[in-house]
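The values are calculated or read from the model by the stated rules, or taken from the named source; none is laboratory data. None of these values were measured; they are calculated from a predicted model. FYI the Cβ positions are ideal-geometry reconstructions off the backbone, even for glycines, and counts take in every protein chain you see. Surface areas here come from the heavy atoms of the whole protein model, side chains and all, with no ligands, DNA or RNA. Shrake-Rupley method; radii C 1.70, N 1.55, O 1.52, S 1.80 Å.
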Amino acid sequence: MDKFDQPRVAINRVYTRQGDAGDTSLAGGQRVPKDSRRIEAYGTVDELNAFVGLVRESTAGEPAVAWLGGILLRVQHELFNLGSILATLPQDVHPRQARITEADIVRLEAEMDQANEGLPALRSFVLPGGSRLNAELHICRTVCRRAERIVTALAREEPVPAEAVKYLNRLSDAFFVWSRWASHQSGVPETLWEPNRAASGSPPGGGTLSE
């Protein structure tokens, strides 16, 4: 038996004109401003899901990182589950409504540990880049951190399941580990932060722009 109920939606027409005044409906039907903290929270989770979809496409057809593509698909489902619970006030949550559970967090931790095996220890911070996949995973990491900050702020104002913040915290860590793993699997060297590579940290170099 499935743990959660299947979605009960029928999207026949995308536009309804009901949000033209700047408000929208929560899952329980309550109308709230579109810039409210709760809307910002699950809207940022939705933004993150879109970026995860982009990264998943970048892993397609790449045998070296195929393992990650399967994980990212599951993460997209989990992010929708998270959005479902964030879009619902506590009094409207159903017993079998999709949500984040401790099992999702434990799974992420196990996958991080697996990916981290064999990676060299870091002696400095890592700059995003080296490959498109690495950069995209770092974008996911930073958007995930922003979602975590917003959900944390929401939790100070309204009840939010503790698993929501905990999951986003683990997921952002996972994106960092996966970015390193992807580069390692693809044979792409990591770019480490070197403070003295800044303009103020080294003497002017030679060479001039050609005209």
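Scanning segment 86-108 for residues that are under 16 Å from residue 166 (Cβ atoms) and open to solvent by less than 60 Å² (accessible area, probe 1.4 Å) returns 86, 100, 101, 104, 105, 108. Would you confirm whether any residue within segment 71-79 is farther than 20 Å from residue 97 by Cα, buried (at least 18 other Cβ atoms within 10 Å of the Cβ) and without any contact (Cβ under 8 Å) to a residue 24 or more places away in the chain? Yes, that holds for at least one residue. All conditions but one from (1) within 22 Å of residue 107 (Cα to Cα); (2) surrounded by fewer than 14 Cβ atoms within 10 Å (Cβ to Cβ) apply to residue 174; the one that does not is (2).
Taken over segment 165-199, the criterion of being part of a helix (DSSP H, G or I), in contact (Cβ under 8 Å) with a residue 40 or more places away in the chain and of a type in the set (Val, Ile, Thr) is satisfied by 177 alone.
Inspection of segment 148-158 identifies no residue that is at pLDDT 95 or above, under 18 Å from residue 73 (Cβ atoms) and open to solvent by less than 60 Å² (accessible area, probe 1.4 Å).
Taking residue 149, is it without any contact (Cβ under 8 Å) to a residue 12 or more places away in the chain and within 16 Å of the chain's Cα centre (by Cα)? So residue 149 passes the test. Whenever a residue of segment 43-67 is under 18 Å from residue 114 (Cβ atoms), its partners that are open to solvent by 40 Å² or more (accessible area, probe 1.4 Å), lying with C-beta atoms within less than 6 angstrom and at least six residues away or across chains, give the pairs 64/185; 64/186; 65/185.
The residues of segment 116-138 that are within 18 Å of residue 169 (Cβ to Cβ) and open to solvent by less than 70 Å² (accessible area, probe 1.4 Å), listed by number, are 137, 138.
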